[in-house]
Each structure stands twice: as C-alpha cells, then as structure tokens.
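Working notes, beginning with the structure itself.
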Amino acid sequence: MERLNLINQCIACIFILQITTCLAQRPIREHNYNRREHSLVKPFLTAGLSVPYWDYTGSVMFTQNYVRLTPDEQSMSGAIWNQIPCWNRNWELFVDFKVAGRGKDLFGDGLAIWYAKDRMVVGPVFGSKDYFNGLAIIIDTYSNHNGPHNHQHPYISAMINNGTLHYDHDRDGTHTQLAGCEARFRNVEHTTQIKIRYENDVLSVFTDLENKNEWKECFSVDSVELPTGYYFGASATTGDLSDNHLLNSMKFFELEGATTAERAQIVPRASKFEEPREHVDDPKPSWSNLQIFVVLLLGMIGAVICSIAGYMYYEKYQQNKKKRFY
Ligand SMILES: *[C@@H]1O[C@H](CO)[C@@H](O)[C@H](O)[C@H]1NC(C)=O
Ligand SMILES: [Ca+2]
C-alpha cells in the first residue's frame with residue numbers, strides 16, 4: 001500500500017516537474033513583439049556616430065530628438081532605409097512624424113513610408129524610386145492637381161506596385177491609389193503618429209493626429225499581397241515649396257502568423273483599387289498670349305475700318321443733305 005502511494009507521489013511529482021520545466025522553456029513571446037532591428041529609435045547615433053540598422057542619403061540629419069529628412073528649404077530630398085529585410089508576414093509599424101514649416105498657404109511636398117524591394121534608390125516619388133516594388137504610404141501635403149479634386153490636402157494614401165506602375169504627381173497619385181484619407185497633421189505642437197498594420201493580407205492605416213491618444217482609422221483594404229524580405233524606409237522631398245519633414249521614431253512590431261518560404265516569392269498585388277476618378281485632362285489654357293494679341297489687333301483693325309466707313313457714310317449723307325437744300 002505504502003509503496004503504491006510512494007509511486008503515485010513520484011508520478012505526480014514528475015508530472016508537476018515536467019509542467020514547470022515545460023512552462024519555463026516555452027519562449028515568452030508577447031503578441032506584439034517589438035523588433036529593434038527594424039525600428040528607428042533614440043538615441044539614433046551610437047558613440048561611434050553610426051546609425052544601427054539604418055542607411056541614409058540626401059538631406060538627412062540626425063539630432064538628439066529627431067531625424068530630419070528635409071529642412072524647410074527648396075529642392076531638398078532625403079531618405080533613410082532599414083538594412084535588415086523583414087521576414088515577418090504580419091507586422092505593425094508606428095511612425096511618429098512631424099511636418100512643419102514657415103509656409104502658411106504654400107508648402108510641400110510630403111513624405112512616404114516604404115516597404116519596398118529596392119532600398120537607397122533616389123527618385124521622384126517623394127525622394128525615392130518610381131516603378132517600385134512594394135508598398136508606399138504617401139503623406140502628401142501639396143495638391144499638384146489644379147482641377148477638381150475629390151479630396152482635400154494634406155492626404156494620406158497607399159499604393160501597391162509590382163514595378164510597372166508610375167506614380168503620377170500631376171494627379172497626386174489618385175489613379176494608382178488603394179485608398180486614402182484626409183489628414184491634418186501640419187504645423188501642430190503635439191506629436192502626430194501613423195500606424196500601418198499589415199496582418200493576414202489586410203492593410204490598415206490609422207492616425208493619431210489630434211493629441212487625443214486614440215487611433216482613428218484612415219482606411220483598411222483586404223487582399224493586399226506583399227512578399228516578405230523587403231525593406232522599410234522613409235523619404236521626403238521639397239520642391240518649389242518646402243517644409244521640415246521630421247521623424248521622431250519608427251517602431252516595428254511583429255504580429256503572430258506563420259511565414260512560409262513561398263511568401264518571399266510572391267509579386268506585390270492588390271485586388272481592390274479605389275475607383276479611379278474619371279481621367280479628365282486639365283482644361284487647356286483657352287487663350288495664348290499670341291491669340292489674345294491677334295484678336296485684339298483684328299478688333300482694332302475692325303474698329304478702325306468701321307469708323308472710317310461710318311465717317312465716309314456720314315460725309316456722303318451730309319453732302320446729300322446739302323444737295324437737297326440748295
Ligand atoms: C503588375 O501590375 C499590373 C497593373 O496592376 C498588372 O496589369 C500586371 O499584370 C502585373 N504584373 C505582374 C507580373 O503581376
Ligand atoms: Ca502632391
């Protein structure tokens with residue numbers, strides 16, 4: 001009897017021991033797991049003045065508190081790119097940014113947050129490559145389009161590209177955008193944040209721009225296919241118009257979800273594009289200066305001919321009148 005008890009106790013003991021060792025061995029993984037190698041956080045510079053995990057180009061400058069992509073000067077362009085490809089299928093990226101400048105009514109051009117195949121390629125899409133592969137979240141402060149727009153600026157939008165699409169500044173990218181929302185983030189004192197979530201092929205963008213500490217959904221689009229192994233980046237440009245484009249931080253969190261090897265091979269694809277606005281050409285400037293000049297000249301010649309004819313008619317009339325009287 002006692003022996004049996006002892007065996008039972010022993011079994012129970014081993015069982016408990018196994019559970020505890022098992023629990024101890026289980027990797028402690030929070031749901032939202034911050035990954036330092038894809039994040040840009042203070043202090044940006046190490047003692048050796050290098051920036052861990054990031055490369056940069058153009059007008060980028062690091063201070064203690066922020067990374068300046070461009071200063072508030074014309075024709076500037078700057079970009080930073082993560083050195084480590086992202087192998088997570090599901091993730092969240094928090095970008096704390098600031099756009100501010102002296103311009104009251106005129107300012108530009110904006111910035112873009114990237115998840116792209118090619119890194120450190122300077123180009124026309126807010127400082128980076130056009131015909132890119134991957135995702136661009138475009139934070140556009142300046143409306144290049146003169147004609148009617150279906151939204152106000154500043155504007156946040158998403159574009160997915162497989163390398164064949166051109167970002168059309170003249171249309172503010174509206175013909176290639178997935179979705180977007182208006183956003184007032186310029187020249188405010190408080191911090192402005194954007195959260196990009198990519199989870200199970202659903203791409204969502206949230207903003208926290210009003211210092212209320214709450215996320216507002218900008219848009220959410222499903223069936224967005226992005227491969228793993230691309231790079232995060234951020235870039236900004238100024239043109240004739242300018243602004244300071246600053247980043248306070250970019251924080252990457254891995255979300256749960258199995259990643260397969262095939263995921264690296266897929267081509268960026270989105271099945272739901274926003275209804276493109278009707279592609280109407282801007283109204284042609286109706287009169288050129290030369291045309292106005294010719295019309296004015298013809299008008300003047302016409303007026304002169306008319307007055308001469310009128311005068312001649314009047315003379316004749318007077319003469320006829322005189323003839324009748326005498
Ligand atoms: C790339 O995208 C364009 C436009 O969406 C599409 O027509 C084309 O088939 C795509 N190419 C590949 C290789 O997926
Ligand atoms: Ca624009």
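So which residues in the stretch 232-267 are out of contact with any His (no Cβ under 6 Å at 6 or more places or on another chain), over 23 Å from Met76 (Cα atoms) and assigned to a strand (DSSP E or B), if there are any at all?
Once the filter is applied, which keeps residues that are out of contact with any His (no Cβ under 6 Å at 6 or more places or on another chain), over 23 Å from Met76 (Cα atoms) and assigned to a strand (DSSP E or B), the stretch 232-267 yields Lys251, Phe253, Glu254.
Only residues that are away from ligand 1 (no atom under 16 Å from the Cβ), farther than 17 Å from Thr57 by Cα and surrounded by fewer than 18 Cβ atoms within 10 Å (Cβ to Cβ): list them for the stretch 118-144, please.
Ser143, Asn144
Which of the residues belonging to the stretch 72-109 are more than 16 Å from ligand 2 (Cβ to nearest atom), buried (at least 22 other Cβ atoms within 10 Å of the Cβ) and either at pLDDT below 95 or aromatic (Phe, Trp, Tyr) (or both)?
Matches in the stretch 72-109: Trp91, Phe97.
How many of the residues in the stretch 120-168 are within 16 Å of ligand 2 (Cβ to nearest atom) and within 20 Å of Gly233 (Cα to Cα)?
So the answer is 20.
How about the stretch 198-216: which of its residues are under 17 Å from Met250 (Cα atoms) and open to solvent by less than 70 Å² (accessible area, probe 1.4 Å)?
Tyr198, Ser204, Val205, Phe206, Thr207, Asp208, Leu209 - these are the residues of the stretch 198-216 that are under 17 Å from Met250 (Cα atoms) and open to solvent by less than 70 Å² (accessible area, probe 1.4 Å).
Looking at Ile308, Ile266, which is the one that is under 29 Å from the mean Cα position of the chain (by Cα) and at pLDDT 80 or above?
Ile266
Please work out which one of (1) touching a residue at least 40 places away in the same chain (Cβ under 8 Å); (2) over 14 Å from the mean Cα position of the chain (by Cα) is the condition Leu178 fails and give its number.
(2)
On the given criteria, is Gly173 assigned to a loop (DSSP other than H, G, I, E, B) and either modelled with pLDDT of 95 or more or away from ligand 2 (no atom under 12 Å from the Cβ) (or both)?
no
If Gly163 passes every condition in (1) within 15 Å of the chain's Cα centre (by Cα); (2) within 16 Å of ligand 1 (Cβ to nearest atom); (3) surrounded by fewer than 22 Cβ atoms within 10 Å (Cβ to Cβ); (4) at pLDDT 95 or above but one, which one does it miss?
(1)
The values are calculated or read from the model by the stated rules, or taken from the named source; none is laboratory data. None of these values were measured; they are calculated from a predicted model. We place every Cβ from the backbone using ideal geometry, glycine too, and count neighbours over all the protein chains shown. SASA here: full protein model, heavy atoms, side chains in, ligands and nucleic acids out. Shrake-Rupley method; radii C 1.70, N 1.55, O 1.52, S 1.80 Å.
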